[in-house]
Amino acid sequence: MILRGRAILGTFLHAPQQGTLEVLADTLIEIDATGTITAVLQPTDAGYAEATDRTDVLRLPRGRYVLPGFVDLHIHAPQYPQLGQALDEPLEVWLQKYTFPLEARYADLDFARPRYTALVEDLLANGTTTALYFATQHTEATNLLADICIDKGQRALVGKVVMDDPAACPDFYRDASPEAAVAGTRAVIDHIRTHPANTDARVLPVITPRFIPSCTDEALTALGQLAAECDCHVQTHCSESDWAHGHVLNRYGHTDAQALDSFGLLTRKSVLAHSNFLTDADMDRLVVRQSAVAHCALSNIYFANAVFPLRRALEKHLHVGLGTDISGGPSASMFEACRTTVQVSRLLQDGVDPTLPAANRGTPGSAIDLKTAFHLATAGGGIALDLPIGLFAPGYRFDALVIDTTAASGSIRLFGETQPGAVFEKILYGASRANIEQVWVDGRLTGQTH
Ligand SMILES: O=c1[nH]c(=O)c2nc[nH]c2[nH]1
């Protein structure tokens with residue numbers, strides 16, 4: 001089904017600002033031939049009656065609520081087979097013991113294809129309409145992931161992982177040299193940008209140094225130059241754990257954010273995963289560069305040794321979105337990412353050691369409310385990527401999921417509740433895949449949801 005050149009009538013819930021929910025009840029959204037929203041008409045608006053009389057309007061039944069599609073700002077696509085598994089080691093051991101051996105297998109496209117296909121289908125069915133993907137070190141398999149996103153209609157940003165330092169990366173899974181790493185990155189950029197079925201650029205290339213500990217200075221310097229030359233997005237990990245943060249301090253005598261900036265890797269289109277140990281000065285630097293953080297609340301529980309100070313970052317007007325960090329986080333759902341964002345912020349606020357007096361236990365003022373988490377998972381992701389997504393407003397792409405609160409096999413029970421704020425909470429805390437009835441990207445219905 002296609003909504004391009006048509007309109008949809010229903011109740012829409014979105015969060016243009018942190019901490020606020022806007023309810024667009026009985027609202028008509030008109031979409032042009034490219035999938036862009038051209039009008040949002042509420043019942044009191046002039047022209048509403050005539051517009052809703054159109055015969056080509058998709059009218060949603062009662063009990064349906066439309067949310068903006070989720071923007072997942074941090075996914076390791078090849079790690080999907082290990083989702084919910086192998087979370088018993090610290091980051092530096094986990095990478096060498098489980099993750100690099102798994103990722104190395106994507107040299108075989110017959111291994112990669114079914115796994116990448118399942119991932120893209122499952123994420124769409126979960127309501128992730130935009131995905132920022134780390135692929136693997138392999139050029140061909142990275143191109144394959146981009147092809148699958150294009151074929152399935154997911155908005156995606158796809159990067160070939162650069163990891164060229166022999167001191168940190170195993171022989172069986174490493175770029176042969178900085179030159180080879182950059183050549184592979186260029187090849188993926190060209191593949192995605194010239195793909196004949198990607199003329200509307202729904203899939204974009206991303207320059208992807210894995211993280212400073214896995215890259216040589218030569219590769220980081222060349223990737224910074226490439227970012228300026230190609231005007232591509234950039235993604236990497238930043239100050240994730242005590243070990244990763246400490247590695248960079250030892251190597252350069254300053255933080256990840258300073259080092260990435262010195263390589264030209266902090267741009268308006270940069271997304272730094274985790275970033276838990278950012279100093280105030282690091283945050284200020286990111287604000288100046290307009291670079292974003294992908295907050296991965298669930299994965300941080302396993303690997304970060306700390307909770308990201310999200311409230312402090314937002315008070316500084318840092319761009320922040322949310323990420324599942326498949327498979328560092330054992331859930332592929334952005335609903336879960338919203339829930340965990342709220343939950344860990346409460347732990348940070350109140351503290352966790354009951355032997356301490358309440359007044360000394362936590363970091364007051366750290367709590368994040370559900371509406372802010374939802375804003376970050378949608379509009380915040382759009383701002384981070386500098387793309388017109390995550391809101392229902394003219395000029396934005398029609399990326400959306402339709403929630404059926406009445407689905408018998410779902411996990412939302414409203415018991416007659418109709419107050420939109422309460423319904424919103426029930427959806428965010430309760431929705432599972434069976435409640436996601438339709439997923440739209442650019443005004444096109446994507447595959448089977450359940
Ligand atoms: O959570 C993580 N997952 C990874 O694959 C990775 N690589 C570097 N740092 C990382 N952190």
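The values are calculated or read from the model by the stated rules, or taken from the named source; none is laboratory data. Computed from a predicted model, the values in this text were never measured in an experiment. Reconstructed Cβ throughout: ideal geometry from the backbone, glycine too, with neighbour counts over all protein chains shown.
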| Do you know which of the residues in the stretch 245-264 that are in contact (Cβ under 8 Å) with a residue 40 or more places away in the chain and surrounded by fewer than 24 Cβ atoms within 10 Å (Cβ to Cβ) is nearest to the ligand (Cβ to nearest atom)? | Ala259
| Matching residues in the stretch 393-448 - criterion: being crowded, with 19+ Cβ neighbours inside 10 Å, under 20 Å from the mean Cα position of the chain (by Cα) and of a type in the set (S, T, N, Q) | Gln438, Thr446
| remark: Picked from the stretch 309-351 (must be β-branched (Val, Ile, Thr) and within 14 Å of the ligand (Cβ to nearest atom)), the residue farthest from Leu387 (Cα to Cα) is Ile326
| field | Members of the stretch 30-57 that are buried (at least 19 other Cβ atoms within 10 Å of the Cβ), out of contact with any helix residue (DSSP H, G or I) (no Cβ under 9 Å at 6 or more places or on another chain) and part of a strand (DSSP E or B) | value | Ile31, Ile37
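Residues being not hydrophobic (A, V, I, L, M, F, W, C) and not in a helix (DSSP H, G or I): count how many of those fall in the stretch 246-263.
Step one: list which residues in the stretch 246-263 are not hydrophobic (A, V, I, L, M, F, W, C), which gives 246-247, 250-256, 258, 261-262.
Retained after the next criterion (residues that are not in a helix (DSSP H, G or I)): 253-255.
Of the residues in the stretch 246-263, 3 are not hydrophobic (A, V, I, L, M, F, W, C) and not in a helix (DSSP H, G or I).
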| query | For the stretch 203-220, which residues satisfy the criterion of being outside any strand (DSSP E or B), more than 10 Å from the ligand (Cβ to nearest atom) and hydroxyl-bearing (Ser, Thr, Tyr)? | reply | Thr216
| task | Kindly indicate whether Arg339 is surrounded by fewer than 20 Cβ atoms within 10 Å (Cβ to Cβ), modelled with pLDDT of 95 or more and part of a helix (DSSP H, G or I). | result | yes
| remark: All conditions in (1) under 20 Å from Val206 (Cβ atoms); (2) of a type outside the set (Val, Ile, Thr); (3) within 16 Å of the ligand (Cβ to nearest atom) are true of Gln290 except (3)
| query | Of everything in the stretch 59-71 that's more than 13 Å from Val423 (Cα to Cα) and buried (at least 16 other Cβ atoms within 10 Å of the Cβ), which residue is nearest to the chain's Cα centre (by Cα)? | reply | Val71
| task | Find all pairs meeting these conditions: Cβ atoms under 7 angstrom apart; at least six residues apart or on different chains; first residue within the stretch 40-54 and closer than 15 Å to Ile29 by Cβ; second residue among the small types (Gly, Ala, Ser). | result | Val40/Ala393; Leu41/Gly47; Leu41/Ala51; Ala51/Ala7; Arg54/Ala7
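Got a sec? Which helices (runs of 4 or more DSSP H) wholly within the stretch 72-187 have at least 3 residues that are within 14 Å of the ligand (Cβ to nearest atom)? Full working, then the answer.
Numbers: elements: 91-94, 100-104, 109-125, 139-152.
Per the criteria, 91-94, 100-104.
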| request: Search the stretch 89-118 for residues that are under 23 Å from Ala168 (Cα atoms) and in contact (Cβ under 8 Å) with a residue 40 or more places away in the chain and pair each with any residue that is hydrophobic (A, V, I, L, M, F, W, C) and assigned to a helix (DSSP H, G or I) when their beta-carbon atoms are under 9 Å apart and the residues are at least 6 apart or on different chains. | output: Pro90/Trp243; Pro90/Phe303; Leu91/Trp243; Leu91/Ala244; Leu91/Phe303; Glu92/Trp243; Glu92/Ala244; Trp94/Phe303
| request: Would you point out the residue of the stretch 265-324, among those that are hydroxyl-bearing (Ser, Thr, Tyr) and either crowded, with 24+ Cβ neighbours inside 10 Å or assigned to a strand (DSSP E or B) (or both), that is nearest to the chain's Cα centre (by Cα)? | output: Thr324
| query | Is it the case that the stretch 110-123 has a residue that's in contact with a Phe, Trp or Tyr (Cβ under 7 Å, 6 or more places away or on another chain), crowded, with 17+ Cβ neighbours inside 10 Å and under 17 Å from Thr236 (Cα atoms)? | reply | no
